[in-house]
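The values are calculated or read from the model by the stated rules, or taken from the named source; none is laboratory data. Since this is a predicted model, take the numbers as computed values, not measurements. Heads up, the Cβs are rebuilt from the backbone with ideal geometry, glycines too, and the neighbour counts pull from every protein chain shown. Accessible surface is based on the protein model in full, side chains and every heavy atom, while ligands, DNA and RNA are left aside. Shrake-Rupley method; radii C 1.70, N 1.55, O 1.52, S 1.80 Å.
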Amino acid sequence: MGGFCNAPLAGYATTDGEQITVRVAAFTPDGSVLIEAHHTGSHALETAMTVCQRLTRHGARSLGPAAAWH
């Protein structure tokens with residue numbers, strides 16, 4: 001997502017054997033809007049990319065100052 005230290009983003013990953021689940025969220029600066037996404041897969045990079053694409057598809061880049069994300 002190209003976030004930075006104070007970007008309104010959150011991420012969390014867990015593993016279960018061969019599977020990794022990545023959960024992410026993006027917020028407006030005031031916290032009034034939340035967009036969440038998650039994905040489970042066996043390849044860490046592909047799983048992370050998929051969940052970020054889902055977050056983007058649901059409008060995460062339009063939530064405020066983080067719209068300047070690369």
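Calculated FRET efficiency, residue 57 to residue 18, Cβ-Cβ distance, R0 = 30 Å: about 0.70 to the nearest 0.05.
Given the Cα-Cα distance of residue 25 and residue 10 and 0.36 nm per residue of separation, how much length would full extension add, in nm?
Working: separation 15, 0.36 × 15 = 5.40 nm, distance 0.51 nm.
Net length gain for the segment: 4.9 nm.
Accessible-area rank, largest first, for 43, 58: 58, 43, with all protein chains present and a 1.4 angstrom probe. Take residue 23: with every protein chain present and a 1.4 Å probe, its accessible area is about 120 Å².
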